[in-house]
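Since the structure comes first, as structure tokens, the remarks are kept for the end.
Each value in this text was obtained by applying a stated rule to the coordinates, not by laboratory testing. Every value quoted in this text rests on a predicted model; they were computed, and no experiment measured them.
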């Protein structure tokens, strides 16, 4: 239920942002004159590559710093859940749950080692969403 509520809230926020952008777009378009558009383009051209380097630094920090810590913490949660289960062989339901938790823990430990893959996905998303459209407009 909590996951559903979080998903609904996130979806609502995204839809509200899209509606706000759609409502404000005509006002923005009316304010754009050729002189203002040229100034905005010059500012964008000046800031683009430093902003790209900053995004890459954030991606690196996420991939090599935050993500492994997050994955290891999730693996520790699985370890803690395994500790409270009865010994193997006493309860078939607990044994099935133990197998599931062990697979989950192993998956999370392996995920903590996928730093380069996470960085690659972040850079790929940046290329798709930011870099390619920017280069196509140039």
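With only Cα atoms counted, the stretch 42-92 has Rg and Dmax values of 21.6, 71 Å. Seen from a random direction on average, the alpha-carbon convex hull of the chain projects onto 12.2 square nanometres. Taking every alpha-carbon pair in the stretch 7-77 and binning the separations at 5 Å intervals from zero gives 3, 13, 9, 9, 13, 20, 13, 9, 6, 3, 2, 0 percent. Compared with the dominant principal axis of the Cα atoms in the chain, helix 34-61 is inclined by about 20°. Relative to the longest principal axis of the Cα atoms of the chain, the long axis of helix 67-83 makes an angle of roughly 20 degrees. Note: relative contact order over the chain, using C-alpha pairs below 8 Å and six or more positions apart, is 26 percent.
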